[in-house]
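First up is the structure itself, then whatever we jot down about it.
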Amino acid sequence: MNTRTHPLLVAFAVLTFLFLVGPLVIIIGTSLSDTAFLTFPPEGLTLHWYQNIFEISAFRRTIMTSFALAVGGTAISMMIGVPAAYALARYRVELPKFLGNVYVLPILIPEIVLGFSLMKSVAIGAGLPIMTSLLLGHALLVLPYCVRVVGASLNAFDFSIEDAAVSLGCPRWKAFFTIVLPNVKAGIIAGFILAFITSLNDVSVSIFLTGPGVSTLPIQLLAHMEQFFDPTIASVSVLLMFVTVGVMAIVERTLGLTFLTK
């Protein structure tokens, strides 16, 4: 028997779609406007504002800084998070249950509080350089994503396979690298991507740790907006949006987005 979808459900779905996609369409249209100020619908079309991003030295510098921080911070968090996730999954009975919650504190605590705490303890208290402070701050911020996503894969892994390899004479460290890691590589890739995107778009933590001569792209975007109100702002936002969409497309093609819901 054929069933018809209720018109109200269709209308609700359409409104929800417009609510989600509408702001993105406005940003894209604004970034193509031929005016010297933000306006929608665009009055003429031009790619000048995208070219303007790379003509402004501050944007060029902060783009490189943001990508370096995203890669470096995520790499540090993975080096800490993967062994932590392994220990939590492998020795879940021996380890206290509250230990797993410790690794999610950076996303439970408001980012403003986390950023201020890092500024007082790392940047001012320890006197570390600005770039080092930013790197540590981003690594701490994205650590929960690495632990949780990799941990989800490890929870589904049968550790008796590792034990069998060890019983046959394989050193435990070698079994970890040749047996455990290849079986959870999907979780490692997904955790890296989620952490990378989070780090790349972070503002709340970075704004407390930046200083003279060092800034990130989102913070530079805010500073530019305070002085100018041209479509360059929208162009940078569109580029960030496409980077995020591109990364998620890679996840979908390699792992499937349903993996991220595990």
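Taking the conditions (1) within 30 Å of L135 (Cα to Cα); (2) in contact with a Pro (Cβ under 7 Å, 6 or more places away or on another chain); (3) open to solvent by less than 60 Å² (accessible area, probe 1.4 Å) in turn, I107 satisfies each one other than (3).
Per this entry, I219 is not counted among residues that are open to solvent by 10 Å² or more (accessible area, probe 1.4 Å), assigned to a helix (DSSP H, G or I), touching a residue at least 40 places away in the same chain (Cβ under 8 Å) and within 16 Å of P83 (Cβ to Cβ).
Screening segment 8-51 for residues that are touching a residue at least 40 places away in the same chain (Cβ under 8 Å) and within 28 Å of S199 (Cβ to Cβ) and picking the one that is surrounded by the most Cβ atoms within 10 Å (Cβ to Cβ) gives S31. Against the criterion of being touching a Ser or Thr at 6+ places or on another chain (Cβ under 9 Å), under 30 Å from Y91 (Cα atoms), part of a helix (DSSP H, G or I) and at pLDDT below 85, A123 does not qualify. Taken over segment 177-204, the criterion of being part of a helix (DSSP H, G or I), over 14 Å from S66 (Cα atoms) and among the β-branched types (V, I, T) is satisfied by T178, I179, V180, I188, I189, I193.
Can you give me the number of residues within segment 187-205 that are open to solvent by 30 Å² or more (accessible area, probe 1.4 Å), within 15 Å of A85 (Cα to Cα) and of a type outside the set (V, I, T)?
Initial filter on segment 187-205 (open to solvent by 30 Å² or more (accessible area, probe 1.4 Å)): 188-189, 192, 194, 198, 201, 203-204.
If we keep only those that are within 15 Å of A85 (Cα to Cα) as well, we get 188-189, 192.
Adding the requirement that they be of a type outside the set (V, I, T) leaves 192.
Selection size over segment 187-205: 1.
Residues that are exposed (fewer than 15 other Cβ atoms within 10 Å of the Cβ) and of a type in the set (K, R) within segment 52-93 comprise R60, R92, listed in sequence order.
The values are calculated or read from the model by the stated rules, or taken from the named source; none is laboratory data. These numbers come from a predicted model, not from an experiment. Heads up, the Cβs are rebuilt from the backbone with ideal geometry, glycines too, and the neighbour counts pull from every protein chain shown. Remember, those area values only see protein heavy atoms, side chains included, never the ligands or the DNA or RNA. Shrake-Rupley method; radii C 1.70, N 1.55, O 1.52, S 1.80 Å.
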